[in-house]
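The values are calculated or read from the model by the stated rules, or taken from the named source; none is laboratory data. Just so it is clear, the structure is predicted and the values come from calculations on it, not from any experiment. When we count neighbours, we look across all protein chains shown, and the Cβ atoms used for this are built from the backbone with ideal geometry, even at glycine. For the accessible areas, the whole protein counts, side chains as well, though only heavy atoms, and no ligand, DNA or RNA atoms are used. Shrake-Rupley method; radii C 1.70, N 1.55, O 1.52, S 1.80 Å.
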Amino acid sequence: MGEVKLVKPTMPQMAWQDLEMGMFCHFGINTFCDQEWGDGTDDPAKFNPSQLDARQWVRTAKSAGFKYFILTAKHHDGFCLWPTGTTDYSVKSSPWKDGKGDVVGECAKACQEEGILFGLYLSPWDRHEPRYSDKEAYDDFYAEQLTELLTGYGPLVELWFDGAGSEGRQYDWARIIGLVKKYQPEAMIFNMGAPTIRWVGNEDGVAPYPCWNTVSDIKISMFTDDTIKWADTPVWLPAECDVPIRRKQWFWHPNSEENLLSLEELKDIYYRSVGHGTNLLLNIAPDDRGLIPDPDAIRAREFGQWVRETFSNPIKKASGTEEVLEMSLDSPRKISHIILMEDIKHGERVRDYVLDYKKAGKWVELVRGSAIGHKKIDRFEPIITDHVRLRVLEAADRPIIREFALI
Ligand code: FUL
């Protein structure tokens with residue numbers, strides 16, 4: 001295999017891919033109005049959580065094994081969860097804490113105290129702000145909001161730029177991205193402007209397989225099939241899979257527990273997101289008390305427990321740079337999963353591979369795959385064996401396997 005010039009991730013992209021799982025948190029005026037998309041006319045007086053506890057949100061995230069937490073600082077309705085200087089349509093005009101509260105600040109503090117990374121969603125589409133119809137005035141307004149968030153709440157791991165509602169609209173991306181680069185140079189930029197990570201293209205939390213890390217175009221919203229031609233040659237843009245824990249509901253709604261995903265559904269999502277080498281961003285919404293409801297918190301904890309119990313104690317691990325990587329065990333063991341990871345700092349090299357195991361002294365093919373990238377989880381009917389091997393059949397360059405683990 002000759003030397004080729006491969007596309008490679010930046011250090012912050014690699015660090016972000018290692019996080020693997022984050023919690024999305026949709027909370028705002030919608031939480032109090034039993035709706036998903038406010039039109040920007042709801043009275044701030046409705047925003048009055050009686051027991052808001054950002055620590056409880058972040059602890060839920062931690063118990064589920066999430067390494068980052070992303071809050072909707074402003075959704076499409078324009079209501080701001082921090083006391084912005086740009087508009088009165090915010091927590092300042094609400095009865096919560098007599099208008100002196102700051103949900104973004106409380107979440108930032110809770111994340112710092114609990115040791116998980118913090119990120120923010122700031123909807124470009126704003127249905128409240130009268131200046132939205134004046135492109136230049138709104139660009140100034142949005143830049144100011146973003147600057148407040150980028151400078152007031154410590155380090156941010158990710159800025160989530162949602163394309164919904166903005167189909168066909170132009171924003172001043174050069175300026176927006178310039179602000180992110182100036183104040184939070186390491187933060188990931190989700191899907192718009194000059195993205196460093198991409199949307200997987202659905203809201204089911206699942207990635208297709210293979211889901212290569214290098215692409216040259218991206219899909220921007222659920223409401224158009226348009227893609228942005230992002231570059232002439234592929235660039236490194238790892239995918240993030242977002243999905244709400246209550247089916248199709250990003251915000252909390254009363255009496256909707258029946259929509260809670262089952263543990264089995266969450267496992268399937270995990271296999272098809274993290275297991276396909278992408279990050280999973282699972283939304284868990286606080287209710288109108290300002291607390292994550294017990295059933296959701298319990299389900300999240302069960303999920304985290306399952307991930308830990310299943311994956312944290314492999315039977316055996318190896319790494320290497322050979323085209324055939326063989327692992328032998330002291331005695332036959334039952335194996336039901338194989339985890340593969342490439343050392344992506346050298347690019348995504350493997351294009352085609354086979355896993356084999358020894359059955360009655362003979363090699364038998366177990367699984368065939370194409371992409372490995374950050375991670376590939378193969379699961380299968382349990383086998384009993386003392387020999388397993390990885391054969392890389394095709395690679396863009398010498399394969400560099402960071403982990404080959406038997407579960
Ligand atoms: C979509 C939005 O329209 C939904 O309300 C939600 O925020 C989801 C994560 O992204 O595009």
Top-ranked residue in region 14-53 [being open to solvent by less than 10 Å² (accessible area, probe 1.4 Å), in a helix (DSSP H, G or I) and not hydrophobic (A, V, I, L, M, F, W, C); ranked as farthest from the ligand (Cβ to nearest atom)]: Q17
Criterion first (within 14 Å of the ligand (Cβ to nearest atom), more than 30 Å from A396 (Cβ to Cβ), open to solvent by 10 Å² or more (accessible area, probe 1.4 Å) and not acidic (D, E)) does Q56 satisfy it? no
Among the residues of region 232-261, write down those that are of a type in the set (S, T, N, Q) and more than 14 Å from the ligand (Cβ to nearest atom). T233, N255, S256, N259
So T72, is it in a loop (DSSP other than H, G, I, E, B) and either open to solvent by 20 Å² or more (accessible area, probe 1.4 Å) or assigned by TED's automatic domain parsing to the domain that holds T196 (or both): no
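Residue by residue, here is whether (1) within 23 Å of M21 (Cβ to Cβ); (2) not in a strand (DSSP E or B) holds:
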site	(1), (2)
R55	yes, yes
T60	yes, yes
G65	yes, yes
K109	yes, yes
L120	yes, no
A137	no, yes
E144	no, yes
T151	no, yes
Counting only residues that are in contact (Cβ under 8 Å) with a residue 40 or more places away in the chain and under 24 Å from K67 (Cβ atoms), which one in region 140-160 is nearest to the ligand (Cβ to nearest atom)? W160
The lone exception for F190 - which of (1) more than 16 Å from the ligand (Cβ to nearest atom); (2) open to solvent by less than 30 Å² (accessible area, probe 1.4 Å); (3) within 29 Å of H374 (Cα to Cα); (4) at pLDDT 95 or above it fails: (1)
Test of understanding: among D268, D330, D287, which residue is within 23 Å of the chain's Cα centre (by Cα) and more than 25 Å from D18 (Cβ to Cβ)? D287
Is at least one residue of region 163-182 assigned to a helix (DSSP H, G or I), in the same structural domain as Q13 (by TED's automatic domain parsing) and among the acidic types (D, E)? no
Can you confirm whether region 45-57 contains a residue that is of a type in the set (D, E), out of contact with any helix residue (DSSP H, G or I) (no Cβ under 9 Å at 6 or more places or on another chain) and in the same structural domain as F303 (by TED's automatic domain parsing)? no
Filter the strands (runs of 3 or more DSSP E) completely within region 347-399 down to those with at least 1 residues that are open to solvent by 60 Å² or more (accessible area, probe 1.4 Å) and in contact (Cβ under 8 Å) with a residue 60 or more places away in the chain. 376-395
Assess whether G85 counts as being part of a loop (DSSP other than H, G, I, E, B), touching a residue at least 12 places away in the same chain (Cβ under 8 Å), in the same structural domain as I220 (by TED's automatic domain parsing) and surrounded by fewer than 22 Cβ atoms within 10 Å (Cβ to Cβ). yes
Out of region 262-284, which residues are within 16 Å of the ligand (Cβ to nearest atom) and either open to solvent by 10 Å² or more (accessible area, probe 1.4 Å) or assigned by TED's automatic domain parsing to the domain that holds G373 (or both)? I269
Would you mind finding the one in D343, D378, D352 that is within 26 Å of the chain's Cα centre (by Cα), at pLDDT 95 or above and either among the polar types (S, T, N, Q) or more than 16 Å from P314 (Cβ to Cβ) (or both)? D343
How about region 74-124: which of its residues are among the β-branched types (V, I, T) and under 21 Å from F251 (Cβ atoms)? T84, T87, V91, V103, V104
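Okay, residues lined up against (1) assigned to a helix (DSSP H, G or I); (2) small (G, A, S); (3) farther than 20 Å from D378 by Cα:
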residue	(1), (2), (3)
L266	yes, no, no
R301	yes, no, yes
N313	no, no, no
L329	no, no, no
Restricting attention to region 156-174, and to residues there that are open to solvent by 40 Å² or more (accessible area, probe 1.4 Å) and touching a helix residue (DSSP H, G or I) at 6+ places or on another chain (Cβ under 9 Å), which single residue is modelled with the highest pLDDT? D172
Please go through (1) assigned to a loop (DSSP other than H, G, I, E, B); (2) touching a helix residue (DSSP H, G or I) at 6+ places or on another chain (Cβ under 7 Å); (3) of a type in the set (G, A, S); (4) surrounded by 22 or more Cβ atoms within 10 Å (Cβ to Cβ) for G78 and return the number of the only condition it doesn't satisfy. (2)
Over region 219-243, the set of residues crowded, with 16+ Cβ neighbours inside 10 Å and under 18 Å from L281 (Cα atoms) is K219, I220, S221, L237, P238, A239, E240, C241, D242, V243
Mind listing whichever residues of region 193-231 are acidic (D, E) and away from the ligand (no atom under 15 Å from the Cβ)? D217
